[in-house]
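The values are calculated or read from the model by the stated rules, or taken from the named source; none is laboratory data. On a predicted model such as this, the values are computed, not experimentally measured, just so you know. Glycine gets a Cβ as well: all are built from the backbone with ideal geometry, and neighbour counts include every protein chain shown. The accessibility values were calculated without ligands, DNA or RNA, using every heavy atom of the protein model including side chains. Shrake-Rupley method; radii C 1.70, N 1.55, O 1.52, S 1.80 Å.
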Amino acid sequence: MNENVDSAIMRVVKTLAKTKLSSLALQKLEQFASKVGVEEKELFELYVEAKNRSQIDSFAATPFNQRVVLLPQCLRAKNCPAEIGKYGYECQQCGKCSVAKIMQLTKDLGYKGAFVLPGGSLAQKILGELKPKASLGVACSKELVMGSYLCEKMGVIGQGVGLLKDGCINTIVDMKNLKVALNIKGF
């Protein structure tokens, strides 16, 4: 594809991602971008950015005790001692990874819960059984897109924080960005 056409398409996608679009408009945008050869990862990141913008006010207005945090198992250390419980891995606070810090932050803020998921299917169980009003997901951009669809389907306000390094093992989240997202509240 011609570099000028590619740049023009990306400018349009970025402009649209900064507005509050409906999910149908976002789906149409994704289909269009896919057809014209926009890189999938960047498209997913833009989608998450757009979804976050469209729901930020509702998320901010939701009390902390009505929010959950869903973390990917790939944030765990390679030699993590956590075992699977009813709602995912149960952090042992061993300090080998960032999960213990995140769990403590959510506890200090009064979140309804923070969960380390071995897979996406557990997210539906948590949202269905615990019935939070809002959910903050941490994951790679593709998983965040799937999580946003799940939140929408279940009537949960969603926000997403992407990983700095993904790859399904030894991943990294930007703790500064995560802290900002966790602390968002209405005025």
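Amide H neighbours of ILE157 under 5 Å, at least 5 residues apart or on other chains, H built in the peptide plane: list them.
So ILE157 has HN proximity to ALA134, SER135.
Report ³J(HN,Hα) in whole Hz for each residue of the range 42-50, in order, from the Karplus equation J = 6.51 cos²θ - 1.76 cosθ + 1.60 where θ = phi - 60°; Gly and Pro get x.
Listing the rounded values in order: 5, 4, 4, 4, 5, 4, 4, 4, 5 Hz.
Which whole-Hz ³J(HN,Hα) couplings does the range 69-86 yield from phi under the Karplus relation 6.51 cos²θ - 1.76 cosθ + 1.60, θ = phi - 60°, glycine and proline marked x?
Result, rounded to whole Hz: 10, 10, 10, x, 4, 5, 6, 5, 5, 4, 9, 4, x, 5, 10, 6, x, 4.
Under a 1.4 Å probe, what is the accessible area of the range 33-187 per residue, stated in Å²?
Averaged over the residues of the range 33-187, the accessible area is 52 Å².
Could you give the Stokes-Einstein D for the range 64-152 in µm² per second, using the C-alpha Kirkwood radius, 25 °C, 0.890 mPa s?
This corresponds to a translational diffusion coefficient of 187 µm²/s.
Would you grab the residues whose amide H sits under 5 Å from the one on ASP174? Only those 5+ places off in sequence or on another chain, please, with H modelled 1.01 Å from N.
LEU164
Roughly speaking, what is the stretch gain from SER121 to GLU40, that is 0.36 nm per residue apart minus the C-alpha to C-alpha distance, in nm to one decimal?
Length gained, SER121 through GLU40: 26.9 nm.
Of all chymotrypsin sites (Phe, Trp or Tyr not before Pro) in the range 84-163, which ones are in loop regions per DSSP and have a Cβ with at most 14 other Cβ atoms within 10 Å?
Filter output for the range 84-163: empty list.
What is the set of long-range amide H partners of GLN92 at a cut-off below 5 Å, with H atoms built 1.01 Å from backbone N?
Answer set, sorted by chain and number: ALA82.
Report the calculated FRET efficiency for ASN65 and PHE32 (r = Cβ-Cβ distance, R0 = 45 Å), to the nearest 0.05.
So, using R0 = 45 Å, E works out to roughly 0.65.
Can you list the residues of the range 97-126 with backbone N under 16 Å from a point 7 Å past the Cα of LYS78, pointing along Cα to Cβ?
Those under the cut-off are 97-98.
Quick one: if you stick a label point 7 Å off each Cα along the C-beta vector at LYS185 and GLN92, how many nm between them?
My value for the distance between the label points is 3.4 nm.
In whole Hz, with x marking every Gly and Pro, tabulate ³J(HN,Hα) for the range 143-149 from phi via Karplus 6.51 cos²θ - 1.76 cosθ + 1.60, θ = phi - 60°.
Each residue's phi maps through the Karplus curve to give 5, 5, 5, 5, x, 5, 5 Hz.
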